[in-house]
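Have a look at the structure below, then the notes.
The values are calculated or read from the model by the stated rules, or taken from the named source; none is laboratory data. Quick caveat: nothing in here was measured; it's all calculated off a predicted structure. Here Cβ is always computed from backbone atoms with ideal geometry, including for glycine, and neighbour counts include all displayed protein chains. What goes into the accessible areas is simple: the full protein's heavy atoms, side chains included, and nothing from ligands, DNA or RNA. Shrake-Rupley method; radii C 1.70, N 1.55, O 1.52, S 1.80 Å.
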Amino acid sequence: MGSTMILKARICLKPLQPFYHQGSSLCVTLCESSRLPSAARFLCTRDAKPNHGGRLTDIKKGSQTDGQDGERNRTVRQRKEERWENTVVRKGKSFTLQQKSSFPKSVFAAGTAKRTAEMLKRKAGLFSEDEDETEGKATKEAEKIQPPDRPLSVAEWRKLKESLGNLRRFEIHMMRVLFNSGAELDIAKSLLTFTAMETGTLSYELLLRYLTLCVSSGHDAEVIDVYNIMRGSFPSLETGASTLFIKSFSRTARWREAISILHDVKKVFTPSPRNYGDIIAAAILHSDITTAWALYDELIENGLSPHQETWDALFKGSRKTKESDTKNVETISELEHQERLLGILQYMRNNQIYPDHNLCSSIKSWFESLTGEKWTASWTTTTPHGVCGCCRSELESIQLTAEEYQHLRDRVMTDIIEGQDVFNKTTPEELERFKAFVKRKPAFDVVIDGLNVAHVNKDKSKLSETLLAVVSELNHQDLNVLVLGRKHMLLPSRSWDRRNMNLIQQKAQCFFTENISEDDPFLLYATLHSGNGCLFVSSDLMRDHKACLPDGATRRLFFKWQRGHQLVVDGYVALGRRVRFQSIPSYDTIIQTSGDMWHIPYDDTQDRSTYEVPQRWLCLTKKH
């Protein structure tokens with residue numbers, strides 16, 4: 001915005017005469033105005049007829065933390081490795097855990113956040129009120145400035161301006177209204193004519209708004225005229241104008257001129273992924289695959305992430321190369337092009353990017369078109385156990401490798417728990433006291449965010465009762481539970497009943513921090529230091545803490561670990577009733593391949609938040 005205003009200040013008083021020396025049609029028209037720990041397996045099931053008697057005695061053997069008594073751990077935590085479907089023994093009797101055949105609800109499933117927000121909005125009675133308010137604002141705006149339905153003469157524009165009380169920046173506001181209403185281009189031209197006749201000049205801002213209208217409505221020939229005028233009248237072009245010119249030129253036979261504009265942009269700042277993507281699409285459209293890949297490489301080297309439309313154009317470009325005559329265009333071999341496209345899939349995997357349905361359809365068509373290879377493709381889903389619904393193969397486990405786990409554990413300790421300033425979250429003394437506490441105890445099976453869980457029911461008078469119900473459910477499964485809370489929870493009150501808090505301390509290990517301390521870092525520390533089999537209970541999505549990690553790869557690793565270890569209470573909680581938890585997946589939602597097989601999760605909804613994962617897959621298998 002600053003550069004725009006500076007340019008406007010420089011040229012706004014220039015006479016209109018230079019515009020008429022361009023020989024452009026615009027100048028003329030201006031004058032013509034017309035895999036899981038067994039604890040998780042049990043807790044995430046939805047047994048229609050749960051067995052309330054006895055204790056779970058056949059549970060997975062957990063990992064041991066450094067400095068802990070190994071013999072004691074073996075006694076407390078001796079368990080068998082089981083698959084999801086395996087039998088669990090209770091009081092000498094075996095039974096099979098029951099899973100719903102459909103997908104269980106999960107806080108990380110695509111669309112969950114939006115559905116929850118809409119439900120809460122409806123409960124609050126705000127849904128219709130917000131719509132009425134939006135409609136009211138739109139009505140007031142429309143009543144204030146209504147666009148004409150035909151080109152106006154200078155006199156008619158002057159009369160309209162006077163009827164609006166000689167509104168300040170009238171031409172800017174009116175051009176915006178014309179753009180928003182999708183008005184005909186001739187109406188906007190007549191507005192430019194009026195402004196030129198009234199003020200003797202056309203400001204940079206007004207021409208930029210006119211340019212936006214031209215580009216959005218596909219008037220590329222008019223854009224070329226505006227380009228000639230603005231380049232001849234202004235010392236430089238800012239980001240918005242350059243982006244619009246690149247977009248428009250890329251849609252014409254003069255697309256190579258967009259590369260020159262891109263070079264000018266690079267002298268000042270790094271072009272956007274959209275700038276590169278528009279020219280890449282144009283190069284592919286004109287069968288210049290070499291230029292397309294050169295620009296793509298430059299985009300990646302600049303640390304930018306391509307837009308999905310760019311990948312879509314590249315996957316469709318292989319068919320374009322086969323169909324077009326490329327005698328006069330430098331091109332690459334089909335094999336090299338194939339390797340580059342497979343590299344895109346690997347890039348998407350490494351960066352945990354999910355293609356939308358359009359891009360995934362192009363990927364599907366590309367695989368099916370490969371010469372000499374027979375690929376079959378199917379749209380599918382997975383079972384709760386991570387088995388492809390089409391080819392029946394197992395997907396990659398959600399569990400981290402030993403190396404990944406150690407790396408994440410170290411980074412969380414350095415960047416989240418200690419951070420740049422440990423005093424922002426706790427005190428060094430309290431942190432050391434907690435570390436010594438964890439070291440003395442057997443490795444935990446489950447760590448509970450006490451305050452977070454207590455507020456599940458939103459009833460402040462039953463906070464301790466809610467927490468006790470969750471702790472009792474876990475204690476009933478013979479799990480070693482740690483409850484993290486704050487010291488104010490120990491003070492008897494209407495919310496924190498002393499008897500309930502005493503029972504909680506009998507059923508679980510407890511650690512209460514100072515009231516000003518953050519409890520999430522303690523939760524992460526205890527969970528990670530209890531081994532890869534330890535789970536944590538909280539509805540907090542940890543986005544602020546994930547953002548503290550130093551790089552994208554570590555943040556993605558944290559998200560993978562989080563999805564495989566976070567338990568979220570499902571539904572209403574009450575003492576005497578079974579507590580249920582949302583399902584933890586046993587498989588990783590990420591692009592994956594075994595050479596002759598690809599599984600690609602894709603977006604089939606616009607409602608997915610960044611911390612959610614798709615539920616639909618493309619299965620690709622190669623026949624021999």
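Computed with the Debye formula from one identical point scatterer per Cα of the range 541-623, without solvent, the log10 of I(q)/I(0) at q = 0.13, 0.21, 0.27 Å⁻¹ comes to -0.60, -1.13, -1.31.
For 440, 256, 578, give the ranking by accessible area with the largest first, probe 1.4 Å.
Per-residue accessible area, sorted high to low, gives 440, 256, 578.
Let a ≥ b ≥ c be the square roots of the eigenvalues of the Cα gyration tensor of the range 459-526; is it rounded (a/c under 1.5), or, if not, prolate (a/b larger than b/c) or oblate?
Note, shape of the range 459-526 comes out oblate.
3J(HN,Hα) along the range 380-396: 8, 10, 10, 6, x, 8, x, 10, 4, x, 9, 8, 6, 7, 7, 7, 4 Hz, from the Karplus curve 6.51 cos²θ - 1.76 cosθ + 1.60 with θ = phi - 60°, whole Hz, x for Gly and Pro.
Tell me, what is the percent relative contact order of the range 479-624, built from C-alpha pairs under 8 Å that lie six or more residues apart?
Numbers: 144 pairs, mean separation 19.8, N = 146.
Normalised by residue count, the contact order of the range 479-624 is 14 percent.
As a quick test, which of the pairs 487/546; 364/622; 161/189; 460/487; 458/507 have an alpha carbon distance above 19 angstrom in this structure? Violating the 19 Å Cα-Cα cut-off are 487/546; 458/507. These residues, 337, 263, 476, go from largest to smallest accessible area, 1.4 Å probe, as 263, 476, 337.
Residue-wise HN-Hα couplings along the range 340-351, as the Karplus relation 6.51 cos²θ - 1.76 cosθ + 1.60 with θ = phi - 60° gives them from phi, are 5, 5, 5, x, 5, 4, 5, 4, 5, 5, 4, 9 Hz; Gly and Pro carry x. In terms of the Cα gyration tensor, with a ≥ b ≥ c the square roots of its eigenvalues, is the range 213-276 rounded because a/c is under 1.5, prolate because a/b exceeds b/c, or oblate? Oblate, since a/c reaches 1.5 and b/c is not below a/b. If you take the charge dipole of the range 253-317 about its Cα centre, with +1 on Lys and Arg Cβ and -1 on Asp and Glu Cβ, which of 272, 304, 317 is farthest toward its positive end? The listed residue farthest towards the positive side: 272. When both the range 547-616 and the range 443-518 are represented by their alpha-carbon centers, they are found 26 Å apart.
Its alpha carbons give the range 199-336 an Rg and a Dmax of 16.1, 60 Å. The equivalent ellipsoid that matches the C-alpha gyration tensor of the range 330-479 spans semi-axes of 47, 24, 16 angstrom, in descending order.
Just the protein heavy atoms count here, and of the accessible area of the range 249-317 at 1.4 Å, carbon and sulfur take up 55 percent.
Between the range 341-395 and the range 525-541, how far is it from one alpha carbon centroid to the other, in angstrom? Result: 32 Å between the Cα centres. Evaluated on the range 430-543, the Kirkwood hydrodynamic radius is 14.1 Å, with distances taken between all distinct Cα atoms.
Solvent-accessible area of residue 459, all protein chains in place: 60 Å² (probe radius 1.4 Å, heavy atoms, ligands and nucleic acids excluded). With an a/c value of 1.5 or above and a/b not larger than b/c for the gyration tensor axes a ≥ b ≥ c computed over the alpha-carbon atoms, the range 547-592 is described as oblate.
On a per residue basis, the range 337-446 carries 46 Å² of accessible surface, using protein heavy atoms and a 1.4 Å probe.
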